[in-house]
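Visitor: Sharing a structure here in structure tokens format.
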Amino acid sequence: MVGSLEIGAVPFNPDGWGPPDAAASSASNLPVNIPYAPFSRSDKLGRIADWTRNFNNPARPKNSADAAFDFTIDDSFPASADDDSSFRLIDGKPPPRPKFGPKWRFQQQRQLPQRRDEEVEARKREAEKERARRDRLYHLNRSNANASRREAAVFKSSVDIQPEWNMLDQIPFSTFSKLSFAVPEPEDLLLCGGLEYYDRSYDRITPKNERRLERFKNRNFFKVTTTDDPVIRRLANEDKATVFATDTILSTLMCAPRSVYSWDIVIQRVGNKLFFDKRDGSQLDLLSVHETSQEPLPEAKDDINSAHSLSVEAAYINQNFSQQVLIRDGNKLTFDEPNPFANEGEEVASVAYRYRRWKLDDEMYLVARCEVQSVVDMNNQRSFLTLNALNEFDPKYSGVDWRQKLETQRGAVLATELKNNANKMAKWTAQALLASADMMKLGYVSRVHPRDHFNHVILSVNGYKPRDFATQINLNTNNMWGIVKSIVDLCMKLNEGKYVLVKDPSKPQVRIYEVPADAFENDYVEEPLPEEEQVQPPTEGGDGGEATATTNDVEDKQIDDQA
């Protein structure tokens, strides 16, 4: 059997606390070498066990209430000092303290050690602060994250590359930044069309007295390519130049390094002449929206905020805006010849075509058709204007609400648009410079409601001098012409035939392909793309734009959709 446990007699001390002195010396059944510090009832008790105190800090002030349990001052325990010097807590760091607040910042008085539950709460607060810090860093770096997402997205090429096409060369945009070429002032060969005068009352529009954007269904807008222009054909037959293009095509080349979406230009080498053309239904007829923005647009093709839907809407807004801000009283400024693309009796938009010639070198001249949309008499001088409209579709994408910021922070609104639409605004500026316009008017047009893409209002109209605005957006004229000259020199070395210059949909570079002579013609049959791939955001239109190839294409498409 296991022996029973024997408990010795416990002596009673009638004179105070603890065992009596006589019993301590006479009891033989008590454990030996157990330290005991005598104390009286008047002594203040501290803590039985305090695991939060840092004994490693010699400068820590002593607490008189803990003196009863401090055996280092008792001569009866000589070995305690040595033991204390060799003893170290596993966790000797002080408990975390709040970093802010007047309690910790300004008060120098001693704070009582935290209890266990206070330590847990302090750790929770530190974890919350760390989580909030990570959230702030995430939102600060969100733009960079979106940039990587946009780069990783699979962009659709503006033209379907056929297997029989032969790639001749590819040019990275990095080489364009180093180019520079100075051209002399151009000469006007011919002016065609008619211009209506600009209504200056639109300069006083503010978001508080906005005007509804009207629709001009009866006015025809023409997007005629180079080789279909009868005036350019006549000038080519007269050997007026070697290279022929339009201001839309030239501005696309000049601002190519700023482009993100894919685009293409058809190049035809006929004899010693070079023609730069666009395809029917090309995305060059539309206007990109948020092309250089870091905030990705919806990818669903049916979404009203997809890249292609916004491009069609922007072109529709731009056309109507350019006609609404005019004085439509029948008074027109006419030129040498009427509109070369209009039939007799047909109502056409206010536009003048300036056929201008630049000298590229001693044996090479370039002729381009440039456009201006209006005219105004200022100080007894006639000034030509270009009219373009920026459109706001949803403030959450740009982060700037035009209705709130246009009056007080107009510069911030313009800076945001320059960031999100750098390529489009650079092309507008280049076209104004090519046409030698005296002023470029920018209208701020917004949707009546973010989900209504049919009804719009004009919030403001600002005017800028093209050269000053080009300097503001860092658009170098010599660099623009350097890009055009380098591409012209490259194409003049090619054999006679048809070629296409395509901007890579995912890389900052352009490629030159040799294509069959009947490519892009009516009898040229390409392998059709699946219907779900014909309009693929965020390209500007691509093959999906073929439905908008008529003269008044964009407007008709919008009206049909609304019906």
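The values are calculated or read from the model by the stated rules, or taken from the named source; none is laboratory data. Only a predicted model underlies this, so the values are computations on that prediction, with no experimental measurement involved. In this analysis, Cβ positions are derived from the backbone assuming ideal geometry, glycine residues included, and neighbour counts consider all displayed protein chains. Calculation scope for accessible area: heavy atoms of the full protein, side chains included, ligands and nucleic acids excluded. Shrake-Rupley method; radii C 1.70, N 1.55, O 1.52, S 1.80 Å.
Visitor: Please work out which one of (1) more than 30 Å from Asp518 (Cα to Cα); (2) open to solvent by 10 Å² or more (accessible area, probe 1.4 Å); (3) in a loop (DSSP other than H, G, I, E, B) is the condition Asn318 fails and give its number.
Guide: Of (1) more than 30 Å from Asp518 (Cα to Cα); (2) open to solvent by 10 Å² or more (accessible area, probe 1.4 Å); (3) in a loop (DSSP other than H, G, I, E, B), only one is false for Asn318: (3).
Visitor: Tally the residues that are open to solvent by less than 60 Å² (accessible area, probe 1.4 Å) and either under 25 Å from Leu501 (Cβ atoms) or at pLDDT 70 or above (or both), restricting the search to the range 130-158.
Guide: We begin by selecting, within the range 130-158, every residue open to solvent by less than 60 Å² (accessible area, probe 1.4 Å); these are 132, 143, 145-147, 150, 153, 155-158.
If we keep only those that are either under 25 Å from Leu501 (Cβ atoms) or at pLDDT 70 or above (or both) as well, we get 132, 150, 153, 155-158.
The number of residues fulfilling the criteria is 7.
Visitor: How many of the residues in the range 364-411 are hydroxyl-bearing (Ser, Thr, Tyr) and either at pLDDT 90 or above or crowded, with 23+ Cβ neighbours inside 10 Å (or both)?
Guide: Counting residues in the range 364-411 that are hydroxyl-bearing (Ser, Thr, Tyr) and either at pLDDT 90 or above or crowded, with 23+ Cβ neighbours inside 10 Å (or both) gives 4.
Visitor: Hey, another quick one. Does the range 371-412 hold any residues that are among the small types (Gly, Ala, Ser) and assigned to a loop (DSSP other than H, G, I, E, B), and which are they? I'd like the intermediate steps shown before the answer.
Guide: Step one: of the range 371-412, the residues among the small types (Gly, Ala, Ser) are 374, 383, 389, 398-399, 411-412.
Once the filter is applied, which keeps residues that are among the small types (Gly, Ala, Ser) and assigned to a loop (DSSP other than H, G, I, E, B), the range 371-412 yields only Gly399.
Visitor: Taking the condition of being over 17 Å from Ser383 (Cα atoms) and part of a loop (DSSP other than H, G, I, E, B), how many residues in the range 175-216 meet it?
Guide: The qualifying residues number 15.
Visitor: Taking the condition more than 22 Å from Val231 (Cβ to Cβ), of a type in the set (A, V, I, L, M) and in contact (Cβ under 8 Å) with a residue 12 or more places away in the chain, does Ala245 pass?
Guide: Values: more than 22 Å from Val231 (Cβ to Cβ): no; of a type in the set (A, V, I, L, M): yes; in contact (Cβ under 8 Å) with a residue 12 or more places away in the chain: yes.
So Ala245 does not fit the description; no.
Visitor: Is it the case that some residue within the range 415-437 is free of Cβ contacts under 8 Å to residues at least 24 places away in the same chain and surrounded by fewer than 24 Cβ atoms within 10 Å (Cβ to Cβ)?
Guide: The first filter runs over the range 415-437 and keeps only residues free of Cβ contacts under 8 Å to residues at least 24 places away in the same chain, leaving 415-416.
Okay, now just the ones that are also surrounded by fewer than 24 Cβ atoms within 10 Å (Cβ to Cβ), so 415-416.
Scanning the range 415-437, I find at least one residue that is free of Cβ contacts under 8 Å to residues at least 24 places away in the same chain and surrounded by fewer than 24 Cβ atoms within 10 Å (Cβ to Cβ), so the answer is yes.
Visitor: Out of the range 438-459, which residues are open to solvent by less than 10 Å² (accessible area, probe 1.4 Å) and either on the phi > 0 side of the Ramachandran plot or among the basic types (Lys, Arg) (or both)?
Guide: Arg447
Listed here are the residues, each with its yes/no results for (1) surrounded by 21 or more Cβ atoms within 10 Å (Cβ to Cβ); (2) within 17 Å of Gln431 (Cα to Cα); (3) in contact with a strand residue (DSSP E or B) (Cβ under 9 Å, 6 or more places away or on another chain); (4) aliphatic (A, V, I, L, M).
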| site | (1), (2), (3), (4) |
| --- | --- |
| Glu238 | no, no, no, no |
| Thr248 | yes, yes, yes, no |
| Leu286 | yes, yes, no, yes |
| His308 | yes, no, no, no |
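Visitor: If you check Pro296 against the conditions, is it farther than 22 Å from Phe335 by Cα, part of a loop (DSSP other than H, G, I, E, B) and open to solvent by 30 Å² or more (accessible area, probe 1.4 Å)? Before you say what the answer is, go through the steps one by one.
Guide: Values: farther than 22 Å from Phe335 by Cα: yes; part of a loop (DSSP other than H, G, I, E, B): yes; open to solvent by 30 Å² or more (accessible area, probe 1.4 Å): yes.
It is true that Pro296 is farther than 22 Å from Phe335 by Cα, part of a loop (DSSP other than H, G, I, E, B) and open to solvent by 30 Å² or more (accessible area, probe 1.4 Å).
Visitor: Hey, another quick one. Filter the range 332-349 for residues that are open to solvent by less than 80 Å² (accessible area, probe 1.4 Å) and either farther than 21 Å from Asp228 by Cβ or in a loop (DSSP other than H, G, I, E, B) (or both) and give the result.
Guide: Going residue by residue through the range 332-349, those that are open to solvent by less than 80 Å² (accessible area, probe 1.4 Å) are 333, 335, 337, 339-342, 346, 348-349.
Listed by number, the residues that qualify are Leu333, Phe335, Asn339, Pro340, Phe341, Ala342, Glu346, Ala349.
Visitor: Determine, yes or no, whether Glu291 is open to solvent by 30 Å² or more (accessible area, probe 1.4 Å) and assigned to a loop (DSSP other than H, G, I, E, B).
Guide: Numbers: open to solvent by 30 Å² or more (accessible area, probe 1.4 Å): no; assigned to a loop (DSSP other than H, G, I, E, B): yes.
For Glu291, the condition - open to solvent by 30 Å² or more (accessible area, probe 1.4 Å) and assigned to a loop (DSSP other than H, G, I, E, B) - is not met.
Visitor: Which of the residues spanning the range 235-263 are out of contact with any Lys or Arg (no Cβ under 9 Å at 6 or more places or on another chain) and assigned to a loop (DSSP other than H, G, I, E, B)?
Guide: Going residue by residue through the range 235-263, those that are out of contact with any Lys or Arg (no Cβ under 9 Å at 6 or more places or on another chain) are 237-238, 250, 253, 257.
The one that is out of contact with any Lys or Arg (no Cβ under 9 Å at 6 or more places or on another chain) and assigned to a loop (DSSP other than H, G, I, E, B): Glu238.
Visitor: Just one of Ile171, Ile161 is within 22 Å of Gln283 (Cα to Cα) and at pLDDT 90 or above; which is it? Spell out how you get there, then give the answer.
Guide: On the way: Ile161 fails: at pLDDT 90 or above.
Just a single option satisfies the conditions, and that option is Ile171.
Visitor: Take the residues of the range 438-469 that are without any contact (Cβ under 8 Å) to a residue 12 or more places away in the chain and of a type in the set (D, E, K, R): which is nearest to Pro184 (Cα to Cα)?
Guide: Here the answer is Asp468.
Visitor: Tell me which residues, restricted to the range 260-272, are in contact with an Asp or Glu (Cβ under 9 Å, 6 or more places away or on another chain) and either open to solvent by less than 10 Å² (accessible area, probe 1.4 Å) or under 15 Å from Val484 (Cα atoms) (or both). Can you show your working first?
Guide: Of the range 260-272, the ones in contact with an Asp or Glu (Cβ under 9 Å, 6 or more places away or on another chain) are 260-263, 265-271.
Hits for the range 260-272 are Tyr261, Ser262, Ile265, Val266, Ile267.
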